[in-house]
2 protein chains.
Amino acid sequence: MKSKLLLALLALTLTGFANAQVKPEEAIKFRQSGYGFMAWNMGRIKSNVEGAYNKDEVIKAANAIQAIANSGMGALYLPGTDKGTGWEKTRVKPEFFTNKEGVTKVALAFGKEANEMAKVAATGDAAAVKAQLGKLGSTCKGCHDDFKIKD
Amino acid sequence: MKSKLLLALLALTLTGFANAQVKPEEAIKFRQSGYGFMAWNMGRIKSNVEGAYNKDEVIKAANAIQAIANSGMGALYLPGTDKGTGWEKTRVKPEFFTNKEGVTKVALAFGKEANEMAKVAATGDAAAVKAQLGKLGSTCKGCHDDFKIKD
């Protein structure tokens, strides 16, 4: 009983109070939601740079991606969420939980390019947005290559 | 063939170019993702005002909710998405697609309180955040009451 309490306290310390109440399957669902919503917004920006460009729509999409990228989703990779089902079975690779340096690297790259995308979107320069979309997309791919199980 | 083309053009006009490529089941998945991600962030703010308060975490959560609230999710309620399955079967009520005035009202209320939440979060005033969380939550509930099928 004592060791269970100790483990629970340790989990609290590691994950922060706010996440102590998030169950593993909820954490997986929340992170899949974040990626799913960003996917919509990446697609919207892509449609805009390939077709009729709507500055306001691109700004909204870029702001959503930026806010999600900066929301601290790392907290959703709780112990015990390396396997399990949220909206669907998680496709995270075990390496995500062991290669801290690698994860930090891809996360920082993603945050940097997401912040830059919001800045570029605000200018309304379609060509610059297209170029930045490529950079941002490559940071998504960088993480997927290393830490997401392929379809 | 001509009438099909006409319908396709009408759909384009109604939904905007960028959404022309979003399939109904994708649109449902994307909007469920948006609500799912906001649910995490509402829960985080709640945990913070009820427990140890972390100003930075609340700001991140409020910014995510604000950006999603302002992202133009209405575009995801495409014709043909009144029924169907994204991550799960949609629980939108038929009224959502007919009561335009009612939808506009709840959407504007939600956007207003989400913007206000981001402002209040930036101050770091836990009591004010708690009060604003109540206001914001009531706009979620207002929409759910009218336009979401109960569990």
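The values are calculated or read from the model by the stated rules, or taken from the named source; none is laboratory data. For clarity, every value in this text was computed on a predicted model and none was experimentally measured. Neighbour counts run over all protein chains shown; Cβ positions are idealised from the backbone, glycine included.
Scan segment B:106-124 for residues that are of a type outside the set (A, V, I, L, M) and exposed (fewer than 15 other Cβ atoms within 10 Å of the Cβ) and jot them down. Please lay out each step first, then the result.
Taking segment B:106-124 and keeping what is of a type outside the set (A, V, I, L, M), we get B:110-113, B:115-116, B:119, B:123-124.
Scanning segment B:106-124 gives B:Gly111, B:Lys112, B:Lys119, B:Thr123, B:Gly124.
Sub-7 Å Cβ pairs linking a first residue in segment A:72-87 that is within 13 Å of A:Lys23 (Cα to Cα) to a second residue that is among the acidic types (Asp, Glu) and at pLDDT 95 or above, at least 6 apart or interchain, are A:Gly84/A:Glu25; A:Thr85/A:Glu25; A:Gly86/A:Glu25, ordered by first then second residue. Would you check if there is a residue in segment A:37-57 being modelled with pLDDT of 95 or more, surrounded by 15 or more Cβ atoms within 10 Å (Cβ to Cβ) and not in a helix (DSSP H, G or I)? Within segment A:37-57 (the criterion being modelled with pLDDT of 95 or more, surrounded by 15 or more Cβ atoms within 10 Å (Cβ to Cβ) and not in a helix (DSSP H, G or I)), the answer is yes, since at least one residue qualifies.
Set side by side, the residues B:Ala27, B:Ala52, B:Ala64 differ, and just one is within 27 Å of A:Gly111 (Cβ to Cβ) and either touching a residue at least 60 places away in the same chain (Cβ under 8 Å) or under 16 Å from the mean Cα position of the chain (by Cα) (or both), which is B:Ala64. When A:Gly74 is tested against (1) within 20 Å of A:Ile149 (Cβ to Cβ); (2) surrounded by 14 or more Cβ atoms within 10 Å (Cβ to Cβ); (3) under 16 Å from the mean Cα position of the chain (by Cα), exactly one condition is not met: (2). Determine, yes or no, whether B:Leu136 is within 21 Å of B:Trp40 (Cβ to Cβ) and at pLDDT 95 or above. When the stated conditions are applied, B:Leu136 passes them. The residues listed here are A:Lys60, A:Lys29, A:Lys130; of these, the one that is surrounded by 16 or more Cβ atoms within 10 Å (Cβ to Cβ), in a helix (DSSP H, G or I) and more than 9 Å from every other protein chain (Cβ to nearest Cβ) is A:Lys130.
Got a sec? Which of B:Lys105, B:Lys83, B:Lys119 is at pLDDT 95 or above, outside any helix (DSSP H, G or I) and away from every other protein chain (no Cβ under 12 Å)?
Values: B:Lys105 fails: outside any helix (DSSP H, G or I); B:Lys119 fails: outside any helix (DSSP H, G or I).
Criteria check complete, one pass: B:Lys83.
Can A:Val129 be described as in contact with a helix residue (DSSP H, G or I) (Cβ under 8 Å, 6 or more places away or on another chain) and in contact (Cβ under 8 Å) with a residue 60 or more places away in the chain?
Numbers: in contact with a helix residue (DSSP H, G or I) (Cβ under 8 Å, 6 or more places away or on another chain): yes; in contact (Cβ under 8 Å) with a residue 60 or more places away in the chain: yes.
Taking the combined requirement at face value, the residue satisfies it.
Give segment A:88-105 a look and list any residue that's in contact (Cβ under 8 Å) with a residue 40 or more places away in the chain, surrounded by 14 or more Cβ atoms within 10 Å (Cβ to Cβ), out of contact with any strand residue (DSSP E or B) (no Cβ under 8 Å at 6 or more places or on another chain) and not polar (S, T, N, Q), or say none. Listed by number, the residues that qualify are A:Phe96, A:Gly102, A:Val103. Taking the condition within 13 Å of A:Glu25 (Cα to Cα), more than 12 Å from the chain's Cα centre (by Cα) and polar (S, T, N, Q), does A:Thr98 pass? No; evaluated as a whole, the condition is false for this residue.
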